[in-house]
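To start, the structure under review is shown below, and the notes come after it.
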Amino acid sequence: MLIKIINDSRCPENVQCIWAGEVQFEVAVYENSKITEQTQLTLTPQNQSEIVAWFANRLPKTDKPLKTVWVLPYPKDGTSVNLSDYMIKLGY
């Protein structure tokens, strides 16, 4: 479960940036309706596989491997995002 967004410095869509940026967020892992783990993660283009592995190790096993993790919505130039609009999307 996404607890909060700590920092979102990703390069907005349709903008040229020197640095791709990152999004730092806090998540909680629940088991039997109780938090078993709570941690902060930083998602960058360089550590996508680490973040995917972290989530894959905490999700129920399935026939399809987890391939991607996104934090949405992605920033857009000239608009701000309400913290309540953020979510984590998993791609199989």
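The values are calculated or read from the model by the stated rules, or taken from the named source; none is laboratory data. Keep in mind that this is a model prediction, so the values were computed, not measured. Here the Cβ positions follow ideal geometry from the backbone for every residue, glycine too, while neighbour counts run over all protein chains shown. Side chains included, ligands, DNA and RNA excluded: accessible areas come from the protein's heavy atoms. Shrake-Rupley method; radii C 1.70, N 1.55, O 1.52, S 1.80 Å.
Things worth noting here:
- For I35: the one exception among (1) among the hydrophobic types (A, V, I, L, M, F, W, C); (2) over 15 Å from the mean Cα position of the chain (by Cα); (3) under 12 Å from D8 (Cα atoms): (3)
- Residues that are within 15 Å of L2 (Cα to Cα) and open to solvent by 90 Å² or more (accessible area, probe 1.4 Å) were ranked within segment 64-92; the one that is modelled with the lowest pLDDT is L83.
- With respect to the conditions (1) assigned to a strand (DSSP E or B); (2) modelled with pLDDT under 95; (3) over 22 Å from Y92 (Cβ atoms), Q40 lacks only one, and its number is (2).
- Only residues that are open to solvent by 30 Å² or more (accessible area, probe 1.4 Å) and either in a loop (DSSP other than H, G, I, E, B) or at pLDDT below 95 (or both) were counted across segment 9-33, and they come to 15.
- Taking first residues from segment 23-48 that are in contact (Cβ under 8 Å) with a residue 12 or more places away in the chain and partners that are among the acidic types (D, E) and open to solvent by less than 30 Å² (accessible area, probe 1.4 Å), the Cβ contacts under 8 Å between residues at least 6 apart in sequence or on separate chains come to Q38/E26; T39/E26; Q40/E26; L41/E26.
- Breaking point among (1) exposed (fewer than 13 other Cβ atoms within 10 Å of the Cβ); (2) within 17 Å of the chain's Cα centre (by Cα), for K61: (2)
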